[in-house]
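Scroll down for the structure; my scribbles are underneath it.
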Amino acid sequence: MMQTLPIRLDLFAFLIFLGVAQGWFLGVFFLTGQRRKSLANRCFGFYLLSVSAIMLEIGLEYSNYMFRMLALVDYGELFNFALAPLFYFFVYAKLNSRLPRRWAWHLVPAAIWSVNAITWIVQPAEFKYNSYINAFYPELPFVHAEPYMHDDFTGLRDYINELTLLSCLIYTVLALLEVRKAFKQANLPLFGKAPASMVMARNVSALVIFFPVLIGIVKATYHEDMGDHFLAAYLTLTIYATSLLVMQGSSALQDKEISVDESSSTSVEPKKKYEKSALSEELEETLLLKLNRLMESEKPFLESDLSLPKLAQRLNTTPHYLSQILNDRLAQSFFDLLASYRVREAQQLLQDPATTNLKIDEIAERVGYNSPSAFHTAFKRITNLTPAQYRSKVLEQKA
């Protein structure tokens, strides 16, 4: 006779279910609205939903709810080999605006395992009960069960923990190498200031770097799946840390003038506004030289949340003086300056054979625009062509 145990709701159960809810919310967030147009966002959204699915199974098992929901026993194994590749796809797409070559091959193990999983997902309740107590309560007596079919046609299920660890380890290393490569190519320090997309890829990679190590420790310490609540709790922490990163990355939304002013091209302030300024012509020349060097070497305009105060801070000056330089010497507002550099960078991407696979919206994101419409408006204002028209014209000239 199948037994049941009382529901266990302690700190770990609370953390796990809290992480599941936040993971679902964040996954749906990345897969809806304008955000879903980004390839990296789609990869990250599916990754978070996969993480949440696995965590839910762990939460049900740890809290003993699984005794009442035996149909869900081991369903989380469907996602074991999709998890790590999806995370790697997110990092790669965030840095390169595309998936790695032959990306589908990375999902072959996940596809094979999903087919194999059918052989235990469709088994009778008695079979699943035995599977559950074997992993979590080996002291309970087994019940008689007659499986519908052989439960593991690949013969690999006994090695699921080792294979999952290997998958997570491989793709974590690949993601970290991709981050390192991107920072090296950009000639930027790994832990210094960088474009928002690079910072996001770096920080999220840093959050998951210890997960393979934790898997190894837990599986070596506990029988079967009895220590999985530690893994789920860690995943909860990474999900909420990711939520904070997303909120910080959305700080540009507070700077509404970036998208509004870039698209509307505000008029330059009259020079008489600075007639009483203490900034001499010599200091103006020095500051202008520093500005040009910074924009060419570090390309801060690629950061979607760049603002006048942030740029002034990098130049060790005040926003007022920087605004004076732009108006007096360049006859531009800050937003005109941003637009000119971003459009120039976009022109290079549009005519580069290596980036012909990038969509217009991906190029907009890559050069620092949160809003594709703001990018189109700024590009048309500066070049008298839409980005698509510019790309077509370049291709015709090359043909």
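When you scan region 107-140, how many residues do you find that are open to solvent by 40 Å² or more (accessible area, probe 1.4 Å), touching a residue at least 60 places away in the same chain (Cβ under 8 Å) and more than 17 Å from TYR75 (Cα to Cα)?
1
Go over the candidates ASN64, ASN80, ASN96 one by one and state the one that is within 20 Å of the chain's Cα centre (by Cα) and over 30 Å from GLY368 (Cβ atoms).
ASN80
So how many residues does region 338-354 have that are without any contact (Cβ under 8 Å) to a residue 40 or more places away in the chain and in contact with a helix residue (DSSP H, G or I) (Cβ under 9 Å, 6 or more places away or on another chain)?
Result for region 338-354: 4.
Looking at (1) in a helix (DSSP H, G or I); (2) in contact with a Pro (Cβ under 8 Å, 6 or more places away or on another chain); (3) more than 19 Å from LEU83 (Cα to Cα), can you tell me which one SER167 breaks?
Checking SER167 against (1) in a helix (DSSP H, G or I); (2) in contact with a Pro (Cβ under 8 Å, 6 or more places away or on another chain); (3) more than 19 Å from LEU83 (Cα to Cα), the one that fails is (3).
Determine, yes or no, whether ASP336 is surrounded by 20 or more Cβ atoms within 10 Å (Cβ to Cβ), over 19 Å from LYS37 (Cβ atoms) and of a type outside the set (A, V, I, L, M).
Judged against the criteria, ASP336 is a match.
Filter region 331-389 down to the residues that are under 19 Å from SER197 (Cβ atoms), of a type in the set (S, T, N, Q) and part of a helix (DSSP H, G or I) and list them by number.
Selection gives GLN348, THR355.
Restricting to region 342-369, and then to whatever is modelled with pLDDT of 90 or more and open to solvent by 60 Å² or more (accessible area, probe 1.4 Å), can you tell me which residue is farthest from SER97 (Cα to Cα)?
Once the filter is applied, the top-ranked residue is ARG344.
I'd like the residue in region 71-106 that is touching a residue at least 60 places away in the same chain (Cβ under 8 Å) and surrounded by fewer than 19 Cβ atoms within 10 Å (Cβ to Cβ) and, out of all such residues, is farthest from ALA232 (Cα to Cα).
ARG98
So which of GLY59, GLY27 ends up being touching a Ser or Thr at 6+ places or on another chain (Cβ under 9 Å), closer than 25 Å to LEU207 by Cβ, open to solvent by less than 10 Å² (accessible area, probe 1.4 Å) and not hydrophobic (A, V, I, L, M, F, W, C)? Let's see the steps before the verdict.
Working: GLY59 fails: touching a Ser or Thr at 6+ places or on another chain (Cβ under 9 Å).
One residue alone meets the criteria, GLY27.
Could you please give the count of residues in region 85-115 that are in a helix (DSSP H, G or I) and touching a helix residue (DSSP H, G or I) at 6+ places or on another chain (Cβ under 7 Å)?
Number of matching residues: 18.
The values are calculated or read from the model by the stated rules, or taken from the named source; none is laboratory data. Just so we're clear, the structure is a prediction, and the values are computed from it rather than from any experiment. With ideal geometry, Cβ positions are generated from the backbone for all residues, glycine too; neighbour counts draw on all protein chains shown. Side chains are part of the model used for accessible areas, which takes the heavy atoms of the whole protein and leaves out ligands, DNA and RNA. Shrake-Rupley method; radii C 1.70, N 1.55, O 1.52, S 1.80 Å.
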